[in-house]
Amino acid sequence: MDWTGSSAEERREMLAAIGVDSVEELISGIPRQVEALPGLPGGLDEASLLRHVSALAGRNRPAGPGKCFIGAGAYEHATPAVVEALVSRGEFSTTYTPYQPEVSQGTLIAAFEFQTLIARLTGLDAANSSMYDGASATAEAALLAMRQTGRKEVAVSGAVHPEWTAVIRTYLSGVGAHIRTVPDEGGRTPLRGIEAVVDGDVACVVVQQPSFFGQLEDLRAAAKAAHAAGALFVAACNPLALGILASPGECGADIAVGDVQPLGIPLNFGGPYAGYMAVREWLVRQMPGRLVGMARDSRGRRGFTLTLQTREQHIRRERATSNICTNQALVALAATVYLCLLGKQGLRDVARQNAVRARRAAERLLEIPGVSLAFDGPFFNEFVLRLPRDAAEVCRRVTERTGIWPGLDLGRFRQDLADCLMVCVTETKTAEDVEALKTALEDALR
Amino acid sequence: MTDIPLIFEMSQPGRRGWRPPALDVEDAPLEELIPAGLLREDAPELPEVTELDVMRHFTRISSLNMCIDTHFYPLGSCTMKYNPRVTEKCARLPGFDLHPYAPVESSQGTLELLHGLQRMLCELTGMAAFTLHPAAGAQGELAGILVARAWHESRGERRSKVVIPDSAHGTNPASARLGGYEVVTIRSDGRGRTSPADLRMLMGGDVALFMLTNPNTLGLFEDGILEIADIVHQAGALLYLDGANLNALAGIVRPGDLGFDIVHVNTHKTLATPHGGGGPGAGPVGVAGHLAEFLPGWVVEQDERERFRLSRPARSIGQLRAFFGSTAVLIRAYAYLRALGGPGLRENSLTAILNANYLRCRLRETFAPHVDEPCMHECVLSAKAQKKRGVRALDIAKRLLDYGFHPPTIYFPLIVDEALMIEPTESESKSTLDGFVDALLKIDREIDECPDVVRGAPHSTPVGRLDEVSAARRPVLTMPVEG
């Protein structure tokens, strides 16, 4: 099937107006045309398509409610029904980037609200209207710091998500810059490690809050250490955790980045999610990405429009602050709706519940003989258990026997942590779910 | 008329929206869980509103948007075609909502779909391998550029330049720069194309890549393409296709058959995934066989037991974003391709070309085409004659809003004076196109009859023309907290 707009008769009229007998006449100058694409067989009608794609979806085996304890950068949270209801509206989903502000106030107001919410959450002055994801936002923050300082090295904590570090590495490779790793200790970033690594060549220090291992970092100390060497401080924060944790702004960060996935965005096997970036005022003109600003119309009414566009690729071309064009507007809208629904108290409640439930879950799981905490610091909603055997094998066993996904085996990223299982407990996990996990782990370890 | 309120202006202390599940474990004060020094002093100033407040606010502001579902949206180079709802339904099937680290045995359906999408994209473009990893077209460009660089380096070559036409999208030079290259601009010739002779002069041993959009942003097929490919390859460089305009070629000709080595596809253009007011998109990148080992992210493979799995190309340039990719977007693209098949895609492209040429022919007497010959899926006209009569392309665009049409792209490509870049897509009917033409012709008459009406447009939109200069001079990017 196709979704073309005109009848055969209308097409004939159009061809006549153009003065040709067929469209093919208009494209006779194209060499090497194909008659057919055998690998793309004839189309499916709607019912057959749904049946086919549903069958594919049916070949997945989702863990189901209460059974996925994997976090590691993508988190299962309860999602208000209103989020999907609103982002499904064609008025939001079938528009382009708001180049014509007079007929895009819906998109622009939502983006301005997103920027405001992110600025307030992070305690910084301004935020852009979204980046691709948290990892690429962090890489862009590093590039921003390099532009600002004129320095060519970037210090990244070993306790940053390994995939995020990999993304920073790729982005830096393009411009010939390098990562200096601050070795992690106890799942966190040691202050003396930062001091040892950072010098006058380092543009910024990147620390994640909570760390990849779920541990809470001392952002204040890290910021001080970065600033002492004239480097900027980039805090990559889980925005949900900021419902209770000290904001990057109050801790002295110059740039905050992160992924809004924990704010009501479905897991969807990796995306689409959305990154955010917030900065202090003196860095605004170095920001990548779209910015929405307040403006007045000819009659003095308030309106919103894309602004400071001279930073961007469509105007500045190779001298732009970034190559980013399309971002993640609709995902940012979902996060905006989520944050508004939860509100001041609700976000705090959900964040607090994550911390309480994770703590109680850890206490229960530590009752299993031979199981201990790999890291001893405070955590938000994720913690690492050291098991008496290989964690990947334990995961396989638990999943085979019970359908539970007990967490992430850290050996996939770090050989020295092959006996470590990282468990995430959010507000979606009941006491009963945790008991089921405990029993499953006990069985698998027996 | 009063200002449209922001959600912050609706806030009332103590109002609540959504509530989390009841706590069924022993509670504890926060300070017992987390040291006080790590906690935030004040709760973030989020709005305090009810669920209905939220529903109403966002529904109301959504009605301030023009969108494909409500209006003709002929934004050039953006391919604003209809987004079929069945693909939405496919993407929201609950079975697809998996954690990105889901066990491979549990994600076979998703992996099979992604594997199928890779294969279909290879067939569509004539490329040997695809990565579905990049988040959008511009990230796909960066991926392609880094792949080219890795390939040159694998041959012991360090080349420093990327050649890009002056009609290219701004992302091309920005991506090349991000990839560490110096940008050399090649001027379009009198026919609005890249002249092979000009290109030959620029293609030295220091050029890594020539990035071409084909059809180019003037809506013209680069008919010297076979010679261009030879020139590029003879110089030891690679040929990149910016696939932004693939909607003109799908099912008609395959970029791989024309000599392109690398191509990115914008799913939110050619493959009808909704643009979302600025994303999310996805930017799959396809490459010729000799470049496959450098692709970023993961590719989906099928092993000897017919089991699907993710695999990292041997000499991958690395990762550009966390996790596999924007899977929910890719599911929509897959569904769209399966619905159309090869014949449907060809029908789409031919219809898009028909529609663009129809508009060109009906408008050419009034708005001069930059190059007056058959176009592909979009046509670029100029309002320079109107400018002489005192009205700019911007004014015409704004006046179109009053007639219920989203304007075309204006002032792009940069090489066209007072450009109106019109891309109708295949979705639109002849009557819609006729209505659009009538509006443009009427506006042209208004320039003589009532020029101030045109210059003061729009008159019927939720807000009038905004003072963007003042907005940029003293930017207000967030709502200040009251009190």
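Derivation of every value follows stated rules applied to the coordinates shown; laboratory data play no part. Given the structure is predicted, the values throughout are model-derived calculations rather than measurements. Because the Cβ atoms are built from the backbone with ideal geometry, glycine has one as well, and the counts that use them run over all protein chains shown.
List of remarks:
- Extension gain, B:Val453 back to B:Thr59 (0.36 nm per residue minus Cα-Cα distance, nm): 138.7 nm
- For a label point 7 Å along the Cα-to-beta-carbon line of B:Asp27, residues of the stretch B:37-52 with backbone N under 14 Å: none
- Under-5 Å amide H pairs with B:Val253, H placed in peptide plane, nonlocal only: A:Val34
- Pairs with C-alpha atoms separated by more than 25 Å, drawn from the list A:Lys344/A:Lys429; B:Lys398/B:Lys430; A:Lys344/B:Lys89; B:Lys89/B:Lys398, are A:Lys344/B:Lys89; B:Lys89/B:Lys398.
- Mean separation of Cα pairs under 8 Å and 6 or more residues apart, divided by the residue count, gives the stretch A:82-337 a relative contact order of 26 percent.
- Across every direction, the projection of the convex hull enclosing the Cα atoms of the stretch B:86-340 has a mean area of 13.4 nm².
- Helix A:391-402 vs. chain A, principal-axis angle (Cα, 0 to 90°, nearest 10): 70 degrees
- Backbone geometry of the stretch B:264-273 corresponds, through the Karplus equation with coefficients 6.51, -1.76 and 1.60 at θ = phi - 60°, to 3J(HN,Hα) couplings of 10, 10, 8, 4, 7, 10, 4, 9, 6, 6 Hz, x marking Gly and Pro.
- Only DSSP H runs of four or more residues enter the estimate; each adds -39500 (n - 2.57), and after division by the residues of chain B the mean residue ellipticity at 222 nm equals -10500 deg cm²/dmol.
- Least to most buried among A:Cys204, B:Cys375 (fewest other Cβ within 10 Å first): A:Cys204, B:Cys375
- Near B:Ala129, the amide H atoms lying under 5 Å from its own belong to B:Val287; only residues 5 or more places off or on other chains count, and H is placed 1.01 Å from N.
- For the pair B:Glu153 and B:Glu227, a Förster radius of 25 Å applied to the C-beta separation gives a FRET efficiency near 0.35, rounded to the nearest 0.05.
- A simple charge model with +1 on the Cβ of Lys and Arg, -1 on the Cβ of Asp and Glu and nothing else charged puts the dipole of the stretch B:86-340 at about 440 debye relative to its Cα centre.
- Each Lys and Arg Cβ is given +1 and each Asp and Glu Cβ -1; about its Cα centre, chain B then shows a dipole of about 860 debye.
- Charge-dipole axis of the stretch B:349-469 as Lys and Arg at +1 and Asp and Glu at -1 on Cβ define it, positive-most pick from B:Asn357, B:Val380, B:Gly390: B:Gly390
- Computed extension length for A:Glu250-A:Thr310: 18.6 nm, one decimal, from 0.36 nm per residue of separation with the Cα-Cα distance subtracted.
- Over the stretch A:82-337, all Cα pairs binned in 10 Å intervals from 0 give whole-percent P(r) values of 8, 32, 35, 18, 6, 1, listed from short to long.
- In whole percents, the pair-distance distribution calculated for the protein assembly as shown from its alpha-carbon pairs, binned every 20 Å from zero, is 15, 48, 32, 5, 0.
- Its alpha carbons considered, the stretch B:7-62 gives a radius of gyration followed by a Dmax of 15.7, 44 Å.
- Once the gyration tensor of the Cα atoms in chain A is diagonalised, the equivalent ellipsoid follows with semi-axes of 41, 31, 22 Å, ordered largest first.
- On Cα atoms only, tilt of A:105-122 relative to the major axis of chain A in degrees: 20 degrees
- Computed from the Cβ-Cβ distance with R0 of 30 Å, the FRET efficiency linking A:Asp199 to A:Trp282 stands at 0.85.
- Each Cα pair under 8 Å and six or more residues apart adds its separation to the average, and for chain A the resulting relative contact order is 19 percent.
- For the stretch B:457-470, 3J(HN,Hα) computed residue by residue from phi via the Karplus equation (6.51, -1.76, 1.60; θ = phi - 60°) reads 5, x, 10, 10, 9, x, 10, x, 4, 9, 7, 6, 5, 5 Hz, glycine and proline entered as x.
- 3J(HN,Hα) from dihedral phi, the stretch A:377-390, Karplus parametrisation 6.51/-1.76/1.60, rounded to Hz, x for glycine, proline: x, x, 9, 9, 10, 8, 8, 10, 9, 8, 9, x, 8, 4
- Pairwise FRET efficiency - A:Arg192 versus A:Arg364, Cβ, R0 = 25 Å, nearest 0.05: 0.10
- Dipole of the stretch B:408-483, positive direction: furthest Cα of B:Val463, B:Pro480, B:Ser431, with charges on the beta-carbon: B:Pro480
- Between the Cα long axis of helix A:329-365 and the first principal axis of chain A there is an angle of about 20°, rounded to the nearest 10.
- Test item: Cα-centred dipole of the stretch B:7-62, Lys/Arg +1 and Asp/Glu -1 on Cβ, debye: 480 debye
- From helices alone, chain A scores -12000 deg cm²/dmol at 222 nm; the rule is -39500 (n - 2.57) for each run of n ≥ 4 DSSP H residues, then divide by the residue total.
- Its Cα gyration tensor gives the stretch A:344-445 an equivalent ellipsoid, and the semi-axes of that ellipsoid, as √(5λ) in whole Å with the largest first, are 23, 15, 12.
- Ranking of B:Arg158, A:Arg302, B:Arg364 by neighbouring Cβ atoms within 10 Å, starting from the fewest: B:Arg158, B:Arg364, A:Arg302.
- Unpaired by the 4.7 Å Cβ criterion, cysteines found in chain B: B:Cys67, B:Cys78, B:Cys90, B:Cys122, B:Cys361, B:Cys450
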